[in-house]
Amino acid sequence: MVDAAQVTVDVPTAALDARVFGVDLGSQRCVVAVDSGDVVLNELGGMTTATLVSFKGDERLIGEAAVLSSSTNPQNTIDFLNLLVGKDLAAVQARNDKVPGQRATFAQAEDHSHGSGAVAVVDYFKEKQQFSMEQLLGMLLGKLHEQMEKKLGASKEVVHVNLAVPSGWTEAEKRALVTAAKIAGIPSTTVITRAAALARCYQRKHPLAAPTEEGAEQPVKHIVIIDMGHTSTSVAVVKLTPEGETVLAGACDTALGSENFDLHLYEHFKAEIHEKHQIAINHHGKEGKRLLQSCEKLKKLLSTIGEATVTVENIAQDRDYTLKTTRDVFERLCAGETQRIHDLLTKVLADANVEGDAIASVEIVGGGTRIPFVQNAILSVFPSRDVSLIGRMLDSTTAVAVGAAFVGAATEELMLTPEETSVVDTLIAKEQEMKTRDTDIAAIAHERNAIEAFVYEMRSKQDTKHSEKINFSVLNPLLDDAEDWIYSEESEDATLESIRAKHQEIRSGIETACSAYFAAVEQDEKALEAQLEEESRRAEAERAAEGGGDDHDNRKLKKPERMRLVAKNKEEGNELFRDGNFQHAAMRYVKALTHASKFFDLSEQDVEEVNKLKLSLYLNLAQCYLKMEQWTKAIANCRDALDIDPTNAKALYRRAMAYEKEKKIEEAAKDVEAALKIAPEDKAIRKLDERLKVLIKRQLDKEKKMWSRAFA
């Protein structure tokens, strides 16, 4: 299939002058970029947003907020949203059954007010509710749209969004995606192919120079772009000239992705476990999901080493199991996929009518292309070429979104039918209702958390600076009363107005009882603020003396030069951290990470070196945010560190500390348990473990007290 088709909806004339955003709508994660080439960060400061929507009580958890729910509340969490939209019930259920683990239930809609025929059935607002795939994807796109508007700030520019999807998508899937975008409140949208986005990104990042001599022949370059994501693979032959790029031919296999490799390993070890130990893995249970996650880890290890082992915890009651295999066995399991890659690439070259020797490079994108036997399958199509044919000039995480943004706003229009418009208008109204409800619930939760955090903070002042100015015999009864209220029915049923009044009442009473302490703390804060202002002025003067300017640039620097910029910013951050200037230290670490994302054409050893550097930067950033009491950002950076090294005890420990501060005690305890397995003698981790056990016991005691009152 040629990667040229687009579907556009409601593009007003103003959209031609709009700020264009590109969205890489992935099966597991989404990325948003703006037409300047910058990636739009999510609310946690990360570059990617989980393709998830979850429902918990009265709350909707969307994107990153739903990550934990995929494990703790799977029956009310919907994943792989991009693979469900535009599908009928049978296709949705088939997708749901394919991947191990418990998932939401799907049904046939009772009427047409939900859009497509398939709906997810979830517990929301104390009852069973149904949401169509368009509604669910609209919720996620709404979250991404919020990120775009935040990026624009107060400029109020018109937004146009290019949504990049595999070329194998059907017309029904594209129209359903456009419907989801309208539900999200996005004013104008174009659906483009991933291959078109990647071709544009390559052309803009690595343009061909026009000839300098008059009458000279225009240079022409042909490349192949192979994009193997989690669930699909796209191949395109692209012709590049100084004027731009042309996708000569393209094809997509929507059933071929790195997920296939995970599932082959899963089935292999599922059979092995049953044969050796007579343990039947429940495909839709927790054990099935644990086994799949371990197989994903094993796949990544086998991409770098020839033999690997991974332990699956609790594969059966109180029993772990060690997965062990070699790269050769892994390759044999996936022989069918390697042949499909070979055939797909051969077909596209034939469709483009371009000989293999005329291809300047094969640019690889996506996690699946990191696997050695995938690269060997690619090279098998070019028998006269060596491994230098494989190019890595496109960033796997951001290239699709950036390229989609570079495509610009389309001028065509696709009009919805009156029936479609009526359904969409109904769904837009429902979404606005839920957004208003979300805002109110979030505000109430914020107030309740603020009360709880204030009480917890004051209980911990026993051995802190100025604690001698606190009369704890007066303070502790006030804290006990506040905690009793938090667990009371009055708190559960509180309106925003009443909980704000209660918060003020609690805070005023405690501040009055501890007035001497708060006066001393205020004096310290004023002194620190003056110190930070002086340090900021000194740093600004140093930058001016060095010629000023920002470290941000789009230059294509060689590895040593870019590494020098990374190291420079990291060292400056370390120095600022030692001086207690945590905010400015965090800024330097972010600069270092920005530079670290701009390496290109790295060898496997270079990638390992850069990842180690990124790991230390994420850990440093997490520490900065802990010091600044920005718990959510600390958690996000620890998660990024754990993506690089899942067994990093520091990352687990620091994330546990942040979870503790956010009152997510169960999550903190899980991280501490994992950290103790890695570093059982670490005193800091053991101390945190003891503290969490006390908190869990106190929480259980409070809940028992609450329930005893309820049944009294």
task: Quote the relative contact order of the chain in percent (integer), defining contacts as alpha-carbon pairs under 8 Å separated by 6+ residues.
output: 12 percent
query: In whole Å, how far is the Cα centre of the stretch 351-411 from that of the stretch 568-605?
result: 30 Å
- request: Give me the number: length gained by fully extending Q462 to Q278, i.e. 0.36 nm times residue separation minus the C-alpha to C-alpha distance, one decimal in nm.
  value: 60.7 nm
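Can you tell me how much longer the chain between T417 and D386 gets when fully stretched, taken as 0.36 nm per residue apart minus their C-alpha distance, in nm with one decimal? Mind showing how you got there, number by number?
Working: separation 31, 0.36 × 31 = 11.16 nm, distance 5.30 nm.
Additional length available on full extension: 5.9 nm.
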statement: Computed from the beta carbon distance with a Förster radius of 41 Å, FRET efficiency for Q504 and S597 to the nearest 0.05 stands at 0.40
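So for R538, R437, fewest C-beta neighbours within 10 Å to most, what's the order?
On the way: R538 9, R437 14.
Neighbour counts put them in this order, fewest first: R538, R437.
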- line: Which residues qualify? For I390, with a placed amide H closer than 5 Å and at least 5 residues away or on another chain, they are V362
statement: Once normalised by the length of the stretch 126-258, the mean sequence separation of its alpha carbon contacts under 8 Å that are 6 or more apart gives a contact order in percent of 22 percent
- line: Relative contact order as a percentage, the stretch 218-392, C-alpha pairs under 8 Å and 6+ apart, gives 25 percent
query: Considering amide H positions built from the backbone, and no H for Pro or chain starts, which residues 5 or more places from S188, or on another chain, come under 5 Å of its amide H?
result: V161
task: Kindly write out, for the stretch 674-689 in residue order, the coupling ³J(HN,Hα) from the Karplus curve 6.51 cos²θ - 1.76 cosθ + 1.60 (θ = phi - 60°), rounded to whole Hz, with x marking Gly and Pro.
output: 5, 5, 5, 5, 8, 10, x, 9, 5, 5, 5, 5, 5, 5, 5, 4
field: FRET efficiency for T436 and A516, using Cβ-Cβ distance with R0 set to 41 Å, rounded to 0.05
entry: 0.40
- line: Under the rule rounded for a/c under 1.5, else prolate if a/b exceeds b/c, else oblate, using alpha carbon gyration tensor axes a ≥ b ≥ c, the stretch 241-372 is classed as prolate
- line: For L700, placing the label point 7 angstrom along Cα-to-beta-carbon and taking the stretch 648-667, residues whose amide nitrogen sits under 20 Å are 660, 663-667
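If I take R0 = 30 Å and measure r between the Cβ atoms of K687 and E608 in this structure, what FRET efficiency does the formula 1/(1 + (r/R0)^6) give, to the nearest 0.05? Walk me through the numbers before you get to the answer.
On the way: r = 33 Å, r/R0 = 1.10.
It comes out at approximately 0.35.
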- prompt: Quick one: Cα centre-to-centre distance for the stretch 52-76 and the stretch 221-284, in angstrom?
  reply: 27 Å
Between the stretch 607-648 and the stretch 162-206, the Cα center-to-center distance that results, in Å: 32 Å
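How much length, in nm to one decimal, is gained on full extension between E489 and R332, taken as 0.36 nm per residue of separation minus their Cα-Cα distance? It would help to have the intermediate numbers written out before the result.
On the way: separation 157, 0.36 × 157 = 56.52 nm, distance 6.01 nm.
Roughly 50.5 nm would be gained on extension.
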Karplus-derived 3J(HN,Hα), 6.51/-1.76/1.60, for each residue of the stretch 30-44, Hz, glycine and proline x: 10, 10, 10, 9, 10, 5, 7, x, 7, 7, 8, 7, 7, 5, 9
- request: Within 10 Å of each residue's Cβ, count the other Cβ atoms and sort M133, M628 from fewest upward.
  value: M628, M133
- prompt: Is the stretch 553-710 best put as rounded, prolate or oblate by its Cα gyration tensor, with a ≥ b ≥ c the root eigenvalues, rounded for a/c under 1.5, and otherwise prolate when a/b is larger than b/c, oblate when not?
  reply: prolate
statement: Pairs over 22 Å Cα to Cα, from K126/K661; K56/K663; K156/K435; K612/K633; K570/K661, come to K126/K661; K570/K661
message: List the aspartates and glutamates whose Cα sits under 14 Å from the Cα of K221, skipping any in the same chain fewer than 8 residues away.
response: E243, E245, E355, D357, E363
Simple label model, 7 Å out from Cα along Cβ direction - A443 to F472, nm: 3.8 nm
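Tell me, T436, T51, T326, T397 in order of fewest to most beta-carbon neighbours within 10 Å?
Details: T436 10, T51 22, T326 13, T397 19.
Placing the least packed residue first, the sequence is T436, T326, T397, T51.
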message: Amide H of C30 versus every other amide H placed in the peptide plane: which residues, excluding those fewer than 5 positions away on the same chain, fall under 5 Å?
response: T49, A50, T51
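Determine the shape class of the stretch 441-549: with a ≥ b ≥ c the square roots of the Cα gyration tensor eigenvalues, call it rounded for a/c under 1.5, and otherwise prolate if a/b is greater than b/c, oblate otherwise. Could you put the intermediate results ahead of the total?
Values: a/c = 3.66, a/b = 1.74, b/c = 2.10.
Oblate, because a/c is 1.5 or more while a/b does not exceed b/c.
A short reminder: the numbers here are calculations on the coordinates, not readings from a lab. What you are looking at is a predicted structure, and each value in this text was computed from that prediction instead of being measured. With ideal geometry, Cβ positions are generated from the backbone for all residues, glycine too; neighbour counts draw on all protein chains shown.
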